Amino acid sequence: MTPLHKNKSFIFWVLAQIVSPIAESFAALLITWTVWQQSSSTGILALTLLLAAIPQIIFGVVAGVATDWFNRKHIVMLCNVIRAVIMILLGMLAFSQLLNELVFMLASFSLGFLRLFAMTAYRAAMPGIVHSDQLMKANAITNSCRMAFWLIGPVFAGFCLTLLNTGQIMIMNAILFIVSVFLLIPVHIKQAKVEQHQKHMFKDIAVGLRLVTQDRLIYSVLMTFAAFTCFGRGIAHLGNLMVSNEIGLDSSGFGILSSADGFGYLIAGLLLARLSIKNSFRTMMLAWLLGGIVFLFMPFSSALWLPFILLFIVGMSQPFVDVPLVTMIQKRVADQHLGKVFGFHTVTIWIGEFLAYATFGYLFGAYTPTMIYALSGVIVATLAITMLILGRIKRFNELETNEEKQVDERQQLST
């Protein structure tokens, strides 16, 4: 078992995770802010975000199967090359003053499609880079780096919007995607090979569905994750913009606010890399409960610091959900089926995101952000408490069943 700091593939994998998230978040914030400035419509903004979510739902399981069939490193590299080309084309359109809401919607759909394949490959590749005993720590480090530099993207983009024109920013974003491609070249990933005659799309999708539904722990966590994503994580994409608008922030202030949960994620992720998680299910539910409580008490003032601190706390709860969940799947599923299961994981996440954009796109236009955050907080906290109670009841039932079996075995031995 090679130590992580001496594992060349892991080091370059992490470095790629540093550059790629900057480019991704940079592009996401740029599209979100520009569409909002051009349209001033929450409906159009929600539709743009929905178009990024639709590929995740429609093609999620297809991306999972492809991740098992083909080289996972090559999938990520190809996706980043195409994303760089898209950003260059957007930059050229910006220089020609041909950018409009329709172009951004098409770009949002395309970037969402490519991010789907890249992220599915990222999640499935880790067991082929590090030893199984290192998965929790490796996932914590990798996710922390992604979030650390995901938060740099909004801050960087926010300030760039005040200094540079849109075309220059697009070209700069394309360069970041290209750099991430070169960083992936030295990475070596062990992966179970699938022969050509074994590749059957619908059959493999059925295998993935069976693996998810038969493992009751994975199934219950993924279904719960979809609900929490809708009322917890999904709200942040629109909520940050509404909060910025309410307290009168410019693009740089919006960028700082958008990075708040990333700072929290970074600190908590680094802490998680040093901890030993004994009960992943309970850890996830308690983290969601914390996020719900913070949403419940999300007041707004004319100052930036209060919503920043509250979103920072929400960010600290996220790695205690993401890392145990991803590690649990990596340990419970065979390598040749990891992509399929993560494909269904992606679908459940983005169903939640889709519902969030569809629901909150209307709500933010009709009600105050404070009211909507409070409602989401109540729902998230209630779901977390319910799942904790159900998990405890199930554990008690399992203990009683085991005790009854032990009593029966002792009676049989005595007779």
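The values are calculated or read from the model by the stated rules, or taken from the named source; none is laboratory data. Keep in mind that what you see is a predicted model, and the values were worked out from it rather than measured. Glycine also receives a Cβ, built like all others from the backbone with ideal geometry; neighbour counts cover every protein chain displayed. When the accessible area is computed, the model is the full protein with side chains, heavy atoms only, and any ligands, DNA or RNA have been set aside. Shrake-Rupley method; radii C 1.70, N 1.55, O 1.52, S 1.80 Å.
Placing a label point 7 Å from the Cα of Leu164 along the Cα-to-Cβ direction, the residues of segment 27-50 with a backbone N closer than 19 Å are 27-35. Averaged over its residues, segment 165-213 has an accessible area of 59 Å² per residue, based on protein heavy atoms and a 1.4 Å probe.
How much FRET efficiency would the formula 1/(1 + (r/R0)^6) give for Glu101 and Leu306, where r is the Cβ-Cβ distance and R0 is 51 Å, rounded to 0.05? After rounding, the FRET efficiency stands at 0.95. Sorting the segments 342-351, 322-331 by their residues' average number of neighbouring beta-carbon atoms within 10 angstrom, most packed first, yields 342-351, 322-331.
Accessible surface of segment 1-143, 1.4 Å probe: 69 percent of it comes from carbon and sulfur atoms. Here's the picture: a label point sits 7 Å out from the Cα of Arg210 along the beta-carbon direction, and within segment 33-69 the residues with their amide nitrogen under 17 Å of it are 65. Modelled this way, with points 7 Å down the Cα-to-C-beta line, the labels at His131 and Ile185 are 3.1 nm from one another. In straight-distance terms, cross-link reach from Lys137 covers every one of the lysines whose alpha-carbon lies under 18 Å from its own, apart from those fewer than eight places away in the same chain; here that gives Lys6, Lys8, Lys278, Lys331.
Simple spin-label estimate for Leu217 and Arg332 gives 0.6 nm between the two label positions (7 Å along the Cα-to-Cβ direction from each Cα).
A 1.4 Å probe run over segment 66-119, with the rest of the protein chains in place, finds 45 Å² accessible per residue.
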